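Okay, structure first, notes after.
The values are calculated or read from the model by the stated rules, or taken from the named source; none is laboratory data. Nothing here was measured: the structure is a model prediction, and the numbers come from that model. Please note: Cβ atoms are built from the backbone with ideal geometry, for glycine as well, and neighbour counts cover all protein chains shown. Just so you know, the surface numbers come from the protein's heavy atoms only, side chains and all, with ligands and any DNA or RNA stripped out. Shrake-Rupley method; radii C 1.70, N 1.55, O 1.52, S 1.80 Å.
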Amino acid sequence: MARVILQVPATAVRGSVIELRALIQHPMETGFRPGSSGEVLPRDIIRRFACAWDGEEVFSAELHPAIAANPYLAFTTIATESGTLTFTWKGDNGFAQTETRRITVTP
Amino acid sequence: MRAAVLAALLLAAMPAAGAEERRSGFADMSAATQAMQADDAANPGMLWVLDGEGRWSRKAGRTERSCADCHGEAAASMRGVAARYPAIDAERGEAVDLAGRIALCQTRHQEATPAPRESEASLALTAFVAHQSRGLPIAPPDDPRIALLQAEGAALYRMRRGQLNLSCAQCHDDNAGRRLAGSVIPQGHPTGYPLYRLEWQGLGSLQRRLRGCTTGVRAESFAPGSHDAIALEAYLMSRAAGMPVETPAVRP
Amino acid sequence: MPSRRAMLAAAPALLALSATRPASATPATMRDAIAAFLGEGGTLREGRVAIDIPPLVENGNTVPIAITVESPMTPQDHVQRIGVFTERNPLPQVIVAHLGPRAGRAAITTRMRLATSQRIIAIAAMSDGSFWSESTEVVVTLAACVEG
């Protein structure tokens, strides 16, 4: 399992815009780089990231090899109801990771 | 009293420049790279610290013991440890760096195969342990054997090396602050290791960093973990005494 | 003493150690990638998009970039996609982010790779079918002392 650092506020006021940040350990091998023995290393990247709030997708992104190693993404969403945020990363060679965080929304 | 001791320490550590003139490589970086280091949710080095934290409590080796089984909470037991390495390993009477010290615990106390230097396992544990000293001043041990090692390291630091015939001192003391092929020459302080280097796109040790500097002048690099490498590190740490540990730092 | 001459000699030697980069995209492949993003009949206008990226970059491996788009982000009027493209990376595409009114603000931050100094363009696809953009030049300085 890749290491993940998520920044999600534990609580938020209903209707406020909150920032979510996600950092994941992944080499994002471009498919253009020669390895130590000279031949080009095959592409191995995360291709898709998504964030859902209680199952409803609120943000997603398609990533290309030009995204830096250990991909970092920050984006915003409106706090609606207390619930679970699900973060998923999917990529080459069957890479798939899911992380969840609880958030409490106050009136 | 404490201030006087600190001042004496700083003076002893800085034969050439005053303490206020010393600057971490952090100060030479762009605002964007500084921001990356300063924010734990953005600092990619924290991924390795997190990894190390997991390894800290994982049982391993014939003894089936974890680091935590013997050392407890790292926040308490490892606080300040990285700031005083390299240090003497009492059993062997020799100096070891922090990664070497951790490998000794793996062989000696866990009876496990030690993680090779520069492996993810070694870097993660070393970063996790060193992170417990973040913000604490570098404080080399007061031990005559370490003093001897520092002197050896100082000689290596001033020795001209490689086809370009340059010493570390010529770049990091005489030309610090000037530009070399686009990058500022830092003073070369070892405050942030293991650190996340953008060039590596990953975490690496001080010894890996020195490999870049030695191949840069077309010289043989020091074998990681060798006596010379540890002597050089001991000198760099004495030269940086009093400066805060930054692990995990970010550098270009 | 420092011997300026030795230092000057060092610079090109250090430069020569830097890794060779693969063949790059061209302004033409970037145009094609942008055309695919716009789809049939989409026309690109300048404005409403702001790129925040350091103009001078110490290392092209990890360059922070933030994109914000002026938009009320309401169900009637919002940003649907933000795309980032480059002229001289091996491939022109960087990222396509999908957002909607639940984002509250049209603002994303990530970190990208820049193989060399070049122009970057960010495009926002709006819910009314319009496309807005900003482009900027970034200079990448070379790291010295890279491992050979």
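Using a probe of 1.4 Å on the protein chains alone, the accessible area found for B:Arg208 is around 50 Å². So if I take the centroid of the Cα atoms in the stretch B:46-73 and the same for the stretch A:39-71, what is the distance between those two points in Å? Spelled out, the Cα-based centre of one part sits 30 Å from the other.
Give the residue from B:Leu206, C:Val139, B:Ile88 lying farthest towards the positive end of the charge dipole for the protein assembly as shown; charges sit on Cβ (+1 for Lys and Arg, -1 for Asp and Glu) and the dipole is referred to the Cα centre. About the Cα centre, the residue reaching furthest to the positive side is B:Ile88. Calculated on the alpha-carbon coordinates, the convex hull of chain B measures out at 128 cubic angstrom per residue.
Shielding by partners for peptide B:194-203, expressed as the average number of C-beta atoms from other protein chains within 10 Å of each residue's C-beta, is 5. Counting only the Cα atoms, the stretch C:22-142 fills a convex hull of 88 Å³ per residue. When restricted to Cα atoms, the protein assembly as shown yields an Rg and a Dmax of 24.6, 78 Å, respectively. Legend: helices of chain B (whole DSSP H runs) are marked when their alpha-carbon atoms reach 20 angstrom or more along the helix axis and their mean Kyte-Doolittle hydropathy is at least 0.0; marked are B:144-158.
Rolling a 1.4 angstrom probe over the protein heavy atoms with all chains in place gives the protein assembly as shown an accessible area of 44 Å² per residue.
Shown here are the Rg and Dmax of the Cα trace of the stretch B:157-242, at 12.5, 34 Å. Summing +1 for each Lys or Arg and -1 for each Asp or Glu among the other residues whose beta-carbon sits under 15 angstrom from that of B:Ala234 gives -3. For the stretch B:95-227, the fraction of C-alpha pairs more than 27 angstrom apart is 26%.
Dividing the mean sequence gap of close Cα pairs (under 8 Å, 6+ apart) by how many residues chain B holds gives a relative contact order of 28 percent. Residue by residue, the stretch B:132-140 carries 3J(HN,Hα) couplings of 5, 9, 4, x, 7, x, 5, 9, x Hz when phi is fed to the Karplus relation 6.51 cos²θ - 1.76 cosθ + 1.60 (θ = phi - 60°); x denotes Gly or Pro.
Probe radius 1.4 Å, ligands and nucleic acids ignored: give me the carbon and sulfur share of the accessible area of the protein assembly as shown as a rounded percent. Ligands and nucleic acids excluded, carbon and sulfur give 54 percent.
Take the accessible area of A alone and of C alone, subtract that of the pair with a 1.4 Å probe, and the total buried over both chains is about 2400 Å². In the protein assembly as shown, a dipole from Cβ-located charges (positive for Lys and Arg, negative for Asp and Glu) runs towards its positive end, and of B:Cys67, A:Thr84, A:Ser16 it is B:Cys67 whose Cα lies farthest in that direction. Evaluated at q = 0.10, 0.12, 0.24 Å⁻¹, a Debye calculation over the C-alpha positions of chain A (equal weights, vacuum) places log10 I(q)/I(0) at -0.33, -0.45, -1.28.
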